[in-house]
Number of protein chains: 4
Amino acid sequence: MTTDTPMQLGMVGLGRMGANLVRRLMRDGHRCVVYDLDTDAVDEMEQEGATAASSLHDLADRLEQPRNVWLMLPAGVVQPTLDQLATLLAAGDAVVDGGNSYYRDDIARAGQLAPAGIHYVDCGTSGGVWGLERGYCLMIGGEDEPVARLDPIFRSIAPGTGDAAPTPGRTRTDGTAPEGYLHCGPSGAGHFVKMVHNGVEYGMMAAIGEGLGIIKHADAGLRSRTVDAETAPLREPEAYQYEIDVAEVAEVWRRGSVVGSWLVDLVADALARSPGLDAYTGRVSDSGEGRWTVLAAVDESVPAPVITSALFERYQSRELGRFTGQVLSAMRGEFGGHAEKAG
Amino acid sequence: MTTDTPMQLGMVGLGRMGANLVRRLMRDGHRCVVYDLDTDAVDEMEQEGATAASSLHDLADRLEQPRNVWLMLPAGVVQPTLDQLATLLAAGDAVVDGGNSYYRDDIARAGQLAPAGIHYVDCGTSGGVWGLERGYCLMIGGEDEPVARLDPIFRSIAPGTGDAAPTPGRTRTDGTAPEGYLHCGPSGAGHFVKMVHNGVEYGMMAAIGEGLGIIKHADAGLRSRTVDAETAPLREPEAYQYEIDVAEVAEVWRRGSVVGSWLVDLVADALARSPGLDAYTGRVSDSGEGRWTVLAAVDESVPAPVITSALFERYQSRELGRFTGQVLSAMRGEFGGHAEKAG
Amino acid sequence: MTTDTPMQLGMVGLGRMGANLVRRLMRDGHRCVVYDLDTDAVDEMEQEGATAASSLHDLADRLEQPRNVWLMLPAGVVQPTLDQLATLLAAGDAVVDGGNSYYRDDIARAGQLAPAGIHYVDCGTSGGVWGLERGYCLMIGGEDEPVARLDPIFRSIAPGTGDAAPTPGRTRTDGTAPEGYLHCGPSGAGHFVKMVHNGVEYGMMAAIGEGLGIIKHADAGLRSRTVDAETAPLREPEAYQYEIDVAEVAEVWRRGSVVGSWLVDLVADALARSPGLDAYTGRVSDSGEGRWTVLAAVDESVPAPVITSALFERYQSRELGRFTGQVLSAMRGEFGGHAEKAG
Amino acid sequence: MTTDTPMQLGMVGLGRMGANLVRRLMRDGHRCVVYDLDTDAVDEMEQEGATAASSLHDLADRLEQPRNVWLMLPAGVVQPTLDQLATLLAAGDAVVDGGNSYYRDDIARAGQLAPAGIHYVDCGTSGGVWGLERGYCLMIGGEDEPVARLDPIFRSIAPGTGDAAPTPGRTRTDGTAPEGYLHCGPSGAGHFVKMVHNGVEYGMMAAIGEGLGIIKHADAGLRSRTVDAETAPLREPEAYQYEIDVAEVAEVWRRGSVVGSWLVDLVADALARSPGLDAYTGRVSDSGEGRWTVLAAVDESVPAPVITSALFERYQSRELGRFTGQVLSAMRGEFGGHAEKAG
């Protein structure tokens, strides 16, 4: 499929996501000028049909005005890149930050570029390594004009309606949400919604992880437990005698169940490949959005115990509560003469 | 599509789920004998092709041996029904409890029927009001023989492979999980997995609910807040100036995003019908499985903060923590002379 | 008891805490110049021996240099007061903010005053309405010189060693912590520690409140529960047949138990006065420090599920999660046809 | 001080708590017959004035009727001891279980002994290794007659009124709660209240531990953090530049603060002895009551997020959520190509 209104876009950052965005855009007939510090990545995209740029300056030169530049960069390098771009772009140009920036930075950056007439658009991009095939869900913030101008770009990157049946109760016929992209509001609104999206993701992932953990340990009554003063014995071991195939449970939940979801699809795949998930230690990273979601909930006075528990569960998995545990053990030692023990 | 091996099944309980199970079975050529205290429900199914029974006794009479009887009843009436059935059935017959029984009751019930040679199969059934169309995800516990015998029944009720793409990493070619039904283990294993499934459902629902709440309240900086000694003012109201269309956010998350799921589909539908969800007060019921999941986690020594938070969030929504709150307010009154205030 | 080194202090803000600080200071022989917008409050303190000031300007005039001014004000009016004071004070003067300011504001304010040579000291003050009698626990931040200079003031306000037996394992003989006041670090450190103190307070209060709630509801098996599809019946009502006198439980916990604490003393008092706590609705306020503690935990990567749960429990008590609950009920309506119900 | 009504008591179990109970009782003039499998422990108590018994049979022989026997045993050996005692005791005798039994076992055990006319009293005993000096807080369940008969025993074990000032608002002049012991209700009520007491203890300990952890990590901005795609950098390192003496904070909180408590006293002591708590790894045990408190909260429909978070925090500290973490990391690997990393 080729879009009716091919556009030209500059892409800065050709990591996995940036490269795949370019591929999706070129499939639809858009022309891409690409730049990355890694010249191999630039070469690869050039071979696939993109126009190579040797520097940000060169990228700006190769774009027709008004320019449209998409940044797909680690959060930490967005600001210096933007500072440099600000000197290369002109009034009417637009920059899209498609990474995982904090929405408060978007507000500041839009304010930084506004006096020069440069538009700043923030675009939360979900889809991960599968986006090339499935399309990316886009949550967009910024002024109306540049967002409208970039509509063909967003439309090509987004999944389109194909992936999911229409929502039965939906009566409005306008709006791009059924295509998989949405202009959420002014500067920062896109990354705000993406931030919360990731907070929801943390909670959903944790719910699935905990549930599968409970199923895996349904054999607790089969394993002997030391009886001592420190640990309560399992009162009813006869109720925990199940050795359940967790991988098959994930597989069956994919079909017809209330928890059916892409995340369950993914965990079914991971468990099919390795039922014991032995390649993983269980130390779970977190990368900002979960934290920011909690901060927003606290500020807004919205209770968010589930999302917050999911965040702290990740912290715990990395043993970040060690001092707290030491304090508890020390208190137990003080009042009860309890010694620490394993397990 | 008609199954190759049509069977006869007795269905006790013709509420929405029982009736739809019968419909799905008859579509596949199975013969159903149906019974319910509500004779109108029986009449309706008879008109659709089922054989009506006027009593449990009559139902037993109309079934060929070995009989297969499926109970689709509220949890509270399973046991008395089973007690009566035990006097009507014979060695080799099988009873399936397709409702939401506690898995520990399954273990006891299987033990109650075993001396008479009657098989007891527990079958957790997920799919809700949509199951007629989508099929029901089945999680099954019990002995191998009756579960194998009932395979054509389970296959007809389950969604089949059609609903979801094959799991890429799956190499095993046996197993019914890709069809949407799974024999999870001995008695109780089916309801155990269904119980945890619902616990996961609680957590996923809460994650989505909290996230949409945070997005809805992204306008917190636009609403004036009283400044007094009891409530901290919003420090950075300029960061909470968004009026975001929550219904459209749910719609866009349906496509290509990591949180894509049937639950997001449903909430998008509900919000499309009523953006303010005004028909709901926010008092959220819970019906057993969430509680039991938490009890299992505690017993098994598996941390489940997310699922548990989701359960308690439901309790809170029904103001079940009122006395706790009174104690806190009383303490605040004692040490700080703080009076309670609204909001 | 009169201190050996009486000092002069200006007190701005004569609410309950400010007035009681002045009383404690005058008992020890310190001379206080007092100011408040409420002239009645000023008159009352004048009758008790303080020197009245009619304005901040007048207060500054009446203080010998280097001046020491203590602000005991609602968080919202500290900054404007400080802005005005900055024009009235001189190099070498010191201002103490004894209220509940956010520690980040302290850092900014110290920076604001530093160019003029005015010292800024932040002092978290715990003790509530009982401080006049018990003394106030002080957590202090700021430069060494002004904190050292104000030592006689802090010593008079703090409880002194009398309240608690010496810590057996303590070998260091320096330090003021056993007197009930502590210089915690540079600007903001005092309010940082006080902030976390209040976070701990939230957690301890919630633990006590939840526990007493569980004891109060130990009669759950005596109350009939509706059996329906929405609510699980209590499985073992025979285990919840206790009608326990919660007030007496709080009283007995005051003596010799591991949970013995001032908070248990206070709740025992509140329950002795009103066993049903009928004057309280259970809507629990929060006033900033709990929120900030959570933000700090998230920033520092320290898991704080207990303190955070306590914060959100307060939000929940004020029904701030209503939209989340509506979303959950809407989902339940969509997938299960469940209607909301009370209780 | 010698009580007016010295009694005779048999003590079974001479661990630290049992031995100290005997010592407290003998100080008050009570006569104790003691038994333990460890004959050294029996010899030691004999030298301190107790009467030694060589077996349960011998103990029963040496007690005057109606006998009063106190069990101070690990939870796992109460039942077999009781089974044996049931054959040695007579109608009118009373057995007190002073350990940490589950209250549901108490109900069963009282029922087991009732036909023989033997009274069963459950007594939750708080005070730990400090009880000899401070007295033990006693929470008692059982019939009125044996509890009344044992009053002099309870009174001697309990702390008495000396430890704490009278509750100001208390007007009732009857009741033993101000003495530190309380008859809470029928069989099991004592251990029920003790169970919840320990749940509260879990919550309070966790609040203190988390708070001190947050204070310890107030130096987060001083430590360099790797900037990569997996971990969000600390946005405002300048706000986390404090190196706070945690031991001194615990010490200062002991005096006049709202969080003043025995637990803070204990942690101040532990930190005074070892500021880094290096003897502890942070793996925190749990021993039954916390779990049972959560089960009771779930059953009673009382939200208990704080106590439950404290329980799960202990589970987490022992890495019991490892599989859950592996599932999360596996999902992250699937959708984002994220690798696990340390810290």
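The values are calculated or read from the model by the stated rules, or taken from the named source; none is laboratory data. On a predicted model such as this, the values are computed, not experimentally measured, just so you know. Note that we place each Cβ from the backbone using ideal geometry, even for glycine, and neighbour counts take in every protein chain shown. Calculation scope for accessible area: heavy atoms of the full protein, side chains included, ligands and nucleic acids excluded. Shrake-Rupley method; radii C 1.70, N 1.55, O 1.52, S 1.80 Å.
Overview of values
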read-out	value
For the stretch D:39-101: rounded, prolate or oblate by the Cα gyration tensor [a/c cutoff 1.5]	oblate
Rounded percent of accessible protein surface that carbon and sulfur make up, the protein assembly as shown, 1.4 Å probe	51 percent
Average Cα contact separation per residue, chain B, under 8 Å, 6 or more apart, as relative contact order %	11 percent
In Å, descending, principal axis extents of the Cα set of chain C	76, 46, 45
Accessible area of A:H217 in the full protein assembly, 1.4 Å probe (Å², nearest 10)	50 Å²
Shape of the stretch C:228-343, Cα gyration tensor, a/c cut at 1.5	oblate
Within a Gaussian network of chain A (alpha carbon springs, distance under 10 Å), most fluctuating of A:L320, A:L328, A:L37	A:L328
Estimated dipole of the stretch A:1-131 in Debye, rounded to 20 [Cβ of Lys and Arg +1, of Asp and Glu -1, Cα centre]	320 debye
Ascending list, in nanometres, of distances separating the A:A114 label from those of the other copies (7 Å, Cα toward Cβ)	3.1, 7.4, 7.6
Inverse of mean 1/r across different Cα pairs in the stretch A:125-273, Kirkwood, Å	18.9 Å
Förster radius 45 Å - calculated FRET efficiency between A:T5 and D:D219 (Cβ-Cβ, nearest 0.05)	0.25
Under the Karplus curve 6.51 cos²θ - 1.76 cosθ + 1.60, θ = phi - 60°, whole-Hz ³J(HN,Hα) for the stretch B:144-159, x wherever Gly or Pro sits	5, 4, x, 5, 5, 4, 7, 3, x, 5, 4, 4, 6, 6, 5, x
Antiparallel content of DSSP bridges confined to the protein assembly as shown, in %, to 5	20 percent
For residues of C:137-144, the mean tally of beta carbons on other chains within 10 Å	3
For chain B: accessible area per residue (Å², 1.4 Å)	33 Å²
The stretch D:8-187: translational diffusion in µm²/s, Stokes-Einstein, Kirkwood Rh over Cα pairs, 4 °C, 1.567 mPa s	79 µm²/s
Across the identical copies, how the C:V129 labels are spaced - nm, sorted shortest first, 7 Å along Cα→Cβ	4.1, 5.2, 6.2
Distance (nanometres) between label positions extended 7 Å along Cα→Cβ at C:D38 and A:E145	5.5 nm
Chain B: most fluctuating residue of B:A52, B:A304, B:A218 per GNM, C-alpha cutoff 10 Å	B:A218
C/D buried area, accessible surface, summed, 1.4 Å probe, Å²	7800 Å²
Nearest residue to the symmetry axis between C and B, taken on chain C by its Cβ, in whole Å	C:Q316, 2
Nearest-ten-degree value, helix B:322-336 long axis tilted from longest Cα axis of chain B	20 degrees
Cα-based equivalent ellipsoid of the stretch A:298-343: semi-axis lengths in Å, sorted from largest, via gyration tensor	30, 13, 8
By average C-beta atoms within 10 angstrom, highest first, the peptides A:7-19, A:81-93	A:7-19, A:81-93
Folded to 0 to 90 degrees: helix D:305-317 orientation relative to chain D principal axis, Cα	80 degrees
Choice from B:V306, B:V129, B:V121 with maximal GNM fluctuation in chain B (Cα, 10 Å cutoff)	B:V129
Overall Cα dimensions of the stretch A:125-186, principal axis frame, Å, largest first	33, 30, 17
Whole-number D in µm²/s for the stretch A:62-151 (Stokes-Einstein; Kirkwood sum over Cα pairs; 37 °C, 0.692 mPa s)	244 µm²/s
Per-residue average of Cβ from other chains inside 10 Å of B:170-177	4
10 Å Cβ neighbours from other chains, averaged over peptide C:129-135	3
For the protein assembly as shown: lysine pairs under 16 Å (alpha-carbon distance), excluding those fewer than 8 apart on one chain	4
Counting DSSP beta bridges with both ends in the stretch D:8-187, the antiparallel % (nearest 5)	20 percent
Interchain or long-range residues, amide H under 5 Å from C:M11's placed H	C:V33, C:V34, C:Y35, C:W70
Label point 7 Å beyond Cα along the C-beta direction, distances from C:G169 to other copies (nm, shortest first)	3.6, 4.6, 5.8
Cα gyration tensor category, rounded, prolate or oblate, for the protein assembly as shown with a/c compared to 1.5	oblate
Between 0 and 90°, nearest 10: helix D:16-27 axis offset from chain D longest Cα axis	50 degrees
Heavy-atom accessible area order for D:D286, A:D61, D:D219, largest first, 1.4 Å probe	A:D61, D:D219, D:D286
Of all DSSP beta bridges in the stretch D:65-172, antiparallel share, percent nearest 5	40 percent
